[in-house]
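Participant: My questions all concern the structure below.
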Amino acid sequence: MVENKVYSLPIHSNSFSNVEAIQSLLISMLAERLEREPGEIDIYKDFSDYSISSLEAINLSANLEKILNHKFSPTLFWDYSNINTLSLYLAEQMNVSESISELSADKEPNNSLIENTKYVEILPEYYNFEFYPKYLQLEQQLAEIEALGTTNPFFTVHDGVAKDTTIVDQRKLINYSTYNYLGMSGDSTISKAAKQAIDYYGTSVSASRISSGEKLLHLELEKEIADLIGTEDCIVYVGGHATNVATISHLFGRDDLIVYDLLDHNSILEGCLLSGATMIAFPHNEWQALDKILYEHRHNYKRVLVVIEGVYSADGDIPNLPKFIEVKKRHKAFLMVDEAHSIGVLGKQGRGIGEYFAIDPIDVDLWMGTLSKSFASCGGYIAGCKALVKYLKYTAPGFVYSVGISPPNAGAALAAIRLLKAQPERVSCLQQRAKLFLELAKERGLNTGMSGDSAIVSIILGKSLQSIQLAEALFNRDINVQPMFYPSVPENAARLRFFISCNHTEEQIHFTVDTLVEEWTKIKSK
């Protein structure tokens, strides 16, 4: 881990020498991290080639903030590929902020400063999306996939209901790329409820709920969710990703600290960034590291939020929730659990990670979940105490200024939760199928990483190219599964990610694992 070292940085306002100074700074930081001489560091070499871990990259970003006294994104070392591009960005940010400060220092604009400003040519990438560097990088990645002779695995058109099977180009494939864990989407009971909601309320509530978009259906849905989890109340948003962004950014601010798991979802990170709170990542699932961070930093902040997930979607693993509760209580912090992939999946009745560990639901301050997976709909929710929910309903911009969840989505989710309570055997079937897949994969010597007790099984392959090749080979054998590779995961952790549902049969799972081993052996032999 990179230590906080004091570097001297001779930066002068509005000077292009800032680039060279920042380059020298980055070279020094990287050289120390790699235990090399500065002359061995290539400013055009990708950061990924230096084997910098995600945690180290975030810590490097935090160190830059302190050294430059400027707020930066913790994902700097992912957003900019090498020292050259990162130093250009940093120098630009420093110059802009200093110029603005200088201009705003006087009540009247300093015309001489403006007149004497040296204007440079505006590059096309700053006003034309076709030259946007990240777009060009994307185009290059897609071209590389095409050059390998493999099919682009993204945006394939699927027909029919996404369940244990799917239809692509009139071909029927076993489907492992759907979140329809409990088979609720496509169930006649759920579809009927959505249609009835349309017939009674229309296709949209056509207004924010705080104005005139509130429907009885919304209140019934929120009551059912709160009852399922065991909380006092609940608020439903129109999108799952937006739920995290809107809630975290609204509840916490510049005087607060957010400590989050290194593998938390993008929606959590976006909410943290927008909040303006100080952000610190802790190593994945290491509650001991979280405890140490809070011992060192809790006293410097007003509110502290700890954010973890019920099931991590990349690996299918589960955190030790009771330990995280102990830590949050000890340091008087708020605890938020994202249950996007654990609600409906964990626990005998599918009530989530709280039921899985038999904890008191009130020990978690914010229960977040999505309606698009186990509940066959679209949207997200926050469940908790009445004070939390009431405050969010009256003040959260992502709720107040957004249309209410649509009648068919609300109707489908409501029917799905009620059907889950009536048919808990869907959960036990899902858990049996997922366990079978995981056990068979392990027996055949496949690397399943941290997967366990969830509906997600990751098969770690170790190279992006091989993950794409294997996904295509399985597709040709009538098995649909998506590859996951760099930069979504580290290059050495490229994988195929299998989402299991209660609709999958034992025969399908046996065939899939056998075929997976057969095709993987062929690829490795080449």
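Each reported figure results from applying straightforward, stated rules to the coordinates on display, with no laboratory input. This structure is a prediction, so every number in the text was calculated from the model and none was measured. Please note: Cβ atoms are built from the backbone with ideal geometry, for glycine as well, and neighbour counts cover all protein chains shown.
Participant: How big is the C-alpha Rg of segment 206-253 next to the rule-of-thumb value 2.2 N^0.38 Å, as a ratio? Before the final figure, lay out the partial values.
Facilitator: Values: Rg = 12.2 Å, N = 48, 2.2 N^0.38 = 9.6 Å.
Relative to the rule-of-thumb radius for its length, segment 206-253 sits at 1.27.
Participant: Distance in nm between label sites at LYS292 and THR395, each 7 Å beyond Cα in the beta-carbon direction?
Facilitator: Here the modelled spin labels are 3.6 nm apart.
Participant: Over all Cα pairs of segment 188-422, how is the pair count split among 10 Å bins, expressed in % and running from 0 up to the last occupied bin?
Facilitator: Histogram of Cα-Cα distances, whole percents per bin: 8, 34, 36, 17, 5, 0.
Participant: Ok, one more. Could you tell me which Cys residues in the chain have no other cysteine's Cβ under 4.7 Å from their own Cβ, answering none if every one has a partner?
Facilitator: CYS234, CYS272, CYS378, CYS385
Participant: Here's another thing I want to ask about it. Can you give the angle from 0 to 90° between the axis of helix 506-525 and the longest principal axis of the chain, with both taken from C-alpha atoms, to the nearest 10?
Facilitator: Long axis of 506-525 versus the principal axis of the chain: about 40 degrees.
Participant: Can you pull the Kirkwood radius for segment 397-526, inverse mean 1/r over Cα pairs, to one decimal in Å? Before the final figure, lay out each step's value.
Facilitator: Working: mean 1/r = 0.0599 Å⁻¹.
About 16.7 Å for segment 397-526.
Participant: What is the angle, in °, between the Cα long axis of helix 188-201 and the longest principal axis of the Cα atoms in the chain? Nearest 10 is fine, range 0 to 90.
Facilitator: Computed tilt is about 70 degrees.
Participant: Next up: With all pairs of different alpha carbon atoms counted, what Kirkwood hydrodynamic radius in Å does the chain show?
Facilitator: Hydrodynamic radius (Kirkwood, Cα pairs) of the chain is 25.4 Å.
Participant: Using Cα pairs under 8 angstrom and six or more residues apart, how large is the relative contact order of the chain, in percent?
Facilitator: 16 percent
Participant: Also, I was wondering about something else. Just tell me the longest site-free run in the chain, where the sites are GluC sites (Glu not before Pro) in a DSSP loop having at most 11 other beta-carbon atoms within 10 Å.
Facilitator: Values: sites that count: GLU3, GLU35, GLU121.
So the longest stretch without any such site is 122-526.
Participant: Using alpha carbons only, how many degrees (0 to 90, rounded to 10) separate the axis of helix 216-229 from the longest principal axis of the chain?
Facilitator: 90 degrees
Participant: Rounded to the nearest 500, what is the 222 nm mean residue ellipticity of the chain from helices alone, with -39500 (n - 2.57) per DSSP H run of 4+ residues and division by all residues?
Facilitator: Working: 19 runs with 237 residues, N = 526.
Value at 222 nm, helices only: -14000 deg cm²/dmol.
Participant: Efficiency by 1/(1 + (r/R0)^6): what FRET value for SER188 and ASN128, r their Cβ-Cβ distance, R0 = 41 Å, to the nearest 0.05? Show your work: numbers first, answer last.
Facilitator: Details: r = 50 Å, r/R0 = 1.23.
The formula returns an efficiency of 0.25 here.
Participant: Could you check the spin-label model distance between GLU439 and ASP514? Points 7 Å from the Cα along Cα→Cβ, value in nm.
Facilitator: 1.8 nm
Participant: Only bridges with both residues in the chain count here: give the DSSP antiparallel percent, nearest 5. Don't skip to the answer; put the middle values down first.
Facilitator: Details: 23 of 42 bridges.
Roughly 55 percent of the DSSP beta bridges within the chain come out antiparallel.
Participant: Could you derive backbone 3J(HN,Hα) for segment 312-319 from the dihedral phi with the Karplus parameters 6.51, -1.76 and 1.60 (θ = phi - 60°), listing whole Hz in sequence and x where the residue is Gly or Pro?
Facilitator: Taking θ as phi minus 60°, the curve returns 8, 5, 7, 10, x, 9, 10, x Hz for segment 312-319.
Participant: Identify, among SER275, ALA207, HIS299, the residue whose Cα sits farthest towards the positive end of the charge dipole of segment 188-422, taking +1 on the Cβ of Lys and Arg and -1 on the Cβ of Asp and Glu, with the dipole about the Cα centre.
Facilitator: Result: ALA207, furthest along the dipole toward the positive end.
Participant: Right, here's the next one. So which trypsin sites (Lys or Arg not before Pro) in segment 273-356 are both in a DSSP loop and have at most 10 other Cβ atoms within 10 Å of their Cβ?
Facilitator: Working: sites: LYS292, ARG298, LYS302, ARG303, LYS323, LYS328, LYS329, ARG330, LYS332, LYS348, ARG351; in loops: LYS302, ARG303, LYS332, LYS348, ARG351.
Passing both the DSSP loop test and the Cβ count: LYS332.
Participant: If you don't mind, another one. Could you list CYS385, CYS272, CYS429 in order of exposure, starting from the residue whose Cβ has the fewest other Cβ atoms within 10 Å? Walk me through the intermediate numbers first.
Facilitator: On the way: CYS385 14, CYS272 26, CYS429 17.
Listed from fewest to most nearby Cβ atoms, that is CYS385, CYS429, CYS272.
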